[in-house]
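Q: Here it is, the structure in full.
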Amino acid sequence: MNHSKKVAGLAGIVSVLWMGLTAAVAANQKRLLFNPLGSKREVLKPYSSGHRTRPIVVRAKDGTRLSGWLMTPPVAGPHPGVVYFGGRSEEVSWVARDAGKLFPGMAVLAVNYRGYGDSHGDPAEAHFVEDGRMLFDWLSERHHVDPKRIAVVGRSLGSGVAVQVAMERDANSIVLITPYDSILALAKRKFKTLPVDYFLQHKFESVKYAEQIKAPAYVLRAAVDDIVPHSHTDLLVQKLGTLHADETVPDSDHLNIPYLESTQARIASFLASRFSA
């Protein structure tokens, strides 16, 4: 009898701990998923040697102030355009610094998500996607940009934004850097014993939208990736409507891949070929 009571007591403790862990993960999911690193810039004075670089403020549909950079080639347009979507903790000023190598001859729009950098508001999947569509439209309306030649580029978390924007806009092409099938699937992998399906609000289920993308897709994987295992990229690649190429960048990991010269040269070459087609 005493043994049964001890077992029941232990089961009760385990149940309470499990519920407590579930509640803690659910309550802190925004910080765990987005984790913006304050308003500190990665590059203090962003400037592209190959572009005219200027800081911009764009208002979201609900009036939220979004801050970033617009880079335009120094020669007369219209130019092809690129909208860039960053990763989980990424502040995008570095894109302005590297745009000359990444996006030569292209107009580039890199804006921080809500709650990132100098952008106001709170991060959320629905906001990111709605703002992403607005930024695509904003760039397409610039007089020096060719609206028929605009690509979307998304890194890590931002690949989920890029996929949903490309699904609903006439993108010329899409570049996905270390993309995943869904944040839900990655969360279930990490928190195996928790009912993630029921409390995760920001699921970024790219695999559900991939078949609807008509634009040619270029996938770049890290050689070593402990954040997005290749098996999760495989599931997305299998669903993409038009896959141009799926490549692994040598000597790369999840964090350094966008900064490598090899990565930047691959992206520049792919976009140049697409824009000139």
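The values are calculated or read from the model by the stated rules, or taken from the named source; none is laboratory data. Keep in mind the model is a prediction, meaning the values are calculated, not measured. A quick note on method: Cβ atoms are made from the backbone with ideal geometry, for glycine too, and the neighbour counts reach across all protein chains shown. Side chains included, ligands, DNA and RNA excluded: accessible areas come from the protein's heavy atoms. Shrake-Rupley method; radii C 1.70, N 1.55, O 1.52, S 1.80 Å.
Q: Mind checking whether some residue in the stretch 184-205 is basic (Lys, Arg), open to solvent by 50 Å² or more (accessible area, probe 1.4 Å) and within 16 Å of the chain's Cα centre (by Cα)? Before the answer, list the steps.
A: Keep residues of the stretch 184-205 that are basic (Lys, Arg), which gives 188-190, 192, 203.
Next cut, open to solvent by 50 Å² or more (accessible area, probe 1.4 Å) only: 188-190, 192, 203.
Then keep just the ones that are within 16 Å of the chain's Cα centre (by Cα); that gives 203.
Within the stretch 184-205, one or more residues are basic (Lys, Arg), open to solvent by 50 Å² or more (accessible area, probe 1.4 Å) and within 16 Å of the chain's Cα centre (by Cα).
Q: Here's another thing I want to ask about it. What strands (runs of 3 or more DSSP E), lying completely within the stretch 161-277, carry at least 1 residues that are free of Cβ contacts under 8 Å to residues at least 40 places away in the same chain? Please lay out each step first, then the result.
A: Values: elements: 173-177, 217-224, 243-253.
Fully inside the stretch 161-277 and qualifying: 217-224, 243-253.
Q: Still on this structure, please answer the following. Take Arg133 and decide whether it is open to solvent by 60 Å² or more (accessible area, probe 1.4 Å), modelled with pLDDT of 95 or more and either out of contact with any His (no Cβ under 9 Å at 6 or more places or on another chain) or over 24 Å from Gln264 (Cα atoms) (or both).
A: Numbers: open to solvent by 60 Å² or more (accessible area, probe 1.4 Å): no; modelled with pLDDT of 95 or more: yes; either out of contact with any His (no Cβ under 9 Å at 6 or more places or on another chain) or over 24 Å from Gln264 (Cα atoms) (or both): yes.
The answer is no for Arg133.
Q: So Ser276 ticks every box in (1) in contact with a helix residue (DSSP H, G or I) (Cβ under 8 Å, 6 or more places away or on another chain); (2) open to solvent by 60 Å² or more (accessible area, probe 1.4 Å) but one. Which box is left unticked?
A: Against the list (1) in contact with a helix residue (DSSP H, G or I) (Cβ under 8 Å, 6 or more places away or on another chain); (2) open to solvent by 60 Å² or more (accessible area, probe 1.4 Å), Ser276 comes up short only on (1).
Q: Turning to a different aspect of this structure: Which strands (runs of 3 or more DSSP E) does the stretch 40-126 wholly contain that include 1 or more residues that are buried (at least 24 other Cβ atoms within 10 Å of the Cβ) and touching a residue at least 12 places away in the same chain (Cβ under 8 Å)?
A: Working: elements: 52-59, 65-72, 79-85, 107-111.
By residue number, 65-72, 79-85, 107-111.
Q: A further question on this structure: All but one of (1) open to solvent by less than 10 Å² (accessible area, probe 1.4 Å); (2) within 28 Å of Glu42 (Cα to Cα) hold for Glu261, so report the exception by its number.
A: (1)
Q: Answer yes or no as to whether Ile183 is modelled with pLDDT under 95 and touching a Gly at 6+ places or on another chain (Cβ under 8 Å).
A: yes
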